[in-house]
Amino acid sequence: MMSTETVFESGDQPCIRLEPLKSTHLPGKSTPTGGSCADFTDSSPKATANGLHDIEDRILRITGYYGYNPGYSSHRREDGSESHAETPGSETSMESQSFHTCANTALKVLGGLLMVLCVSSSWVGTTQVVKLTFQSFSCPFFISWFSSNWNILIFPIYYSGHVVTTREKQTPIQKFRECSKLFGEDGMTLKLFVKRTAPFSILWTLTNYLYLLALKKLTATDVSALYCCHKAFVFLLSWIVLKDRFMGVRIVAAIMAITGIVMMAYADGFHGDSFVGVALAVGSASTSALYKVLFKMFLGSANLGEVAHFLSTMGFFNLIFISCVPLILYFTRVEHWGSLSSLPWGYMCGLAGLWLVFNILVHVGVVLTYPILISIGTLLSVPGNAAVDLLKHEVIFSVVRLAATCIICLGFLLMLLPEEWDSVTLRFLATIADKKSEDHGEELTDSSTHTRSRSRANGTVSIPLA
């Protein structure tokens, strides 16, 4: 049977197709000659199939079959499956593409986890080696100066990686001059060298020196927890100086960090080495935050090569201009040591190497992975140092110190929330609610379909009311 829509569109006389009888002719009647109706005896299988399909569509529409679309009967589903099966190459390409996507995502996740582990391990190792070095050599500024000189090696390490990973080879001088554009179009001059490097080098030295002084007064766990407050200080300075976006949740995180600092200072009373150590650790976090804000203000658009060049330049500045400070401290007996052969060079070189690895991972990891992973690695140094202090040094933590450490770490985690965290959370909750409603609707549909099947089995048809 041919559909009536097709007949009317042709503009001919409408007629009704009937299944022909076997060579039976009614007397006195002739076969219609008008219109475009096909011969009854030569009706093609396709027309008969269409008639059966139209009847199936009407039955599905009357019975209210769930998910029914007009014109989407079984033969079209079969045709669609056949046409889909006719293109196995597209399925193979889609499967390979999805496999490569999953593989890249897995590699990126594994690389990020490895980066977090390396950052945390290097920072825990640096802090613990400092504590070991102080047992035989208690000169924090000399240790800080000696470790900062190793920053000179950062640019040669970057150039070695550049030569290995790129096809376009450049000489070290050419690459150094290319990265010197960070100081201006004319490159690096003596005036720009002192003007741009001196403030950052001084802040770098102060951060390390205050951190080492705090380790002489407090445990490694307390100092690493207090140093995590630098994230809150960075937000406050960026909000004031750089006019960054105001976020209420980060204000709450900053208040939590300040609360943790006060609790840490109150743990042993506001007196003695504990209070001085807390002040030194907070000072180290403050200078670190100021360094990062100034770096973002003046060198925020620097690439990896320019950052490596800048850190090596700070190492040269530290070697040339700050070398006089250890000598002054030596002759004034503030930091006095014996002969050079009596110094614990093994501990000092190990400390400087771990500090160098940490600085490289922090700056390179931002490019290779996500900045949030570097922050998480720094935060994980707190439980890492706590495990070492508890198992090796048998340190007993008071309840107040543990509560202060937990509050500071929680505030640090709140600082890691993205700027659009509220809208993302609302969309996520809305998606969950929609999924639950869809699952509930599918359950109701399955139950109604089961009821219809039972009614059909009993010889009845349920017709839904409009």
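The values are calculated or read from the model by the stated rules, or taken from the named source; none is laboratory data. Keep in mind that what you see is a predicted model, and the values were worked out from it rather than measured. Note that each Cβ is placed from the backbone with ideal geometry, even for glycine, and that neighbours are counted across all protein chains shown. Please note that ligands, DNA and RNA were not included when accessible areas were found on the heavy atoms of the full protein model with its side chains. Shrake-Rupley method; radii C 1.70, N 1.55, O 1.52, S 1.80 Å.
Just a few scattered comments:
- Low-density loop cleavage sites - GluC sites (Glu not before Pro) in the range 128-201, where at most 15 other Cβ are within 10 Å (DSSP): Glu168, Glu185
- Per residue solvent-accessible surface (Å²) - the range 112-423, probe of 1.4 Å: 48 Å²
- Summing +1 for each Lys or Arg and -1 for each Asp or Glu among the other residues whose beta-carbon sits under 14 angstrom from that of Gly260 gives +1.
- Structural descriptor for the range 112-423: relative contact order 41 percent, calculated from alpha carbon pairs under 8 angstrom and at least 6 residues apart.
- If the segment from Thr101 to Arg427 were pulled out straight at 0.36 nm per residue, it would be longer than the present Cα-Cα gap by 114.9 nm.
- Trypsin sites (Lys or Arg not before Pro) within the range 298-405, DSSP loop, no more than 12 other Cβ atoms inside 10 Å: Arg333, Lys392
- Percent carbon-and-sulfur accessible area, the range 112-423, ignoring ligands, DNA and RNA, probe 1.4 Å: 71 percent
- Filtered chymotrypsin sites (Phe, Trp or Tyr not before Pro), the range 253-316: DSSP coil and at most 14 other beta carbons within 10 Å: Phe270
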